[in-house]
Amino acid sequence: MPNRIIKESICASDSLDQLSWFEECFFYRLIVNCDDFGRMDARPAVLKARLFPLKDRITLKEVSSALTKLASVGCVSLYLGYDGKPYLHLPAWEVHQTIRAKRSKYPDPEENHTETAA
């Protein structure tokens, strides 16, 4: 997985200012775990395992709640893939990251047009 760039302007983000410390940490861990198109599996169990592999005290409820909050402030877009599974997309990804891969590991959010509630 390629390295990610986090610009200093993130510190003055109005969207991130609405998040708790945990939610903000969750977002940063999403950035470094998403594929090269800013997409990822959005199942809470998968997110917990990928984002917090050494944090046994983090619960699925906390992960689900953080995902819901990120979606409500526009940091994350949630959708169902063609396979019926929930996925996430970081809407501002292309503005801040370089896309190197030719194809995403996950379905395109535009292919299905089915938004989910976290």
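The values are calculated or read from the model by the stated rules, or taken from the named source; none is laboratory data. Small disclaimer: the values here were computed from a predicted structure and weren't measured. Backbone-built Cβ (ideal geometry, glycine too); neighbour counts: all protein chains shown. Surface accessibility is based on the protein's heavy atoms, side chains included, excluding ligands, DNA and RNA. Shrake-Rupley method; radii C 1.70, N 1.55, O 1.52, S 1.80 Å.
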Problem - The one condition in (1) over 23 Å from residue 108 (Cα atoms); (2) open to solvent by 50 Å² or more (accessible area, probe 1.4 Å); (3) modelled with pLDDT of 95 or more that residue 50 fails to fulfil - result: (1)
Exercise for the section: Just need a number here: residues in the stretch 1-47 that are open to solvent by less than 70 Å² (accessible area, probe 1.4 Å), of a type outside the set (Gly, Ala, Ser), in a loop (DSSP other than H, G, I, E, B) and more than 15 Å from residue 66 (Cα to Cα). Expected result: 6
Practice task
Taking the residues in the stretch 32-47 that are over 9 Å from the mean Cα position of the chain (by Cα) and at pLDDT below 95 as candidates, determine which candidate is nearest to residue 3 (Cα to Cα).
Solution key: 32
Exercise for the section: Select from the stretch 53-66 the residues that are assigned to a helix (DSSP H, G or I) and open to solvent by 10 Å² or more (accessible area, probe 1.4 Å) and write down the one among them that is nearest to residue 109 (Cα to Cα). Expected result: 64
Problem - Index of the failed condition, residue 106 passing every other in (1) buried (at least 17 other Cβ atoms within 10 Å of the Cβ); (2) hydroxyl-bearing (Ser, Thr, Tyr); (3) outside any loop (DSSP other than H, G, I, E, B); (4) at pLDDT below 90 - result: (3)
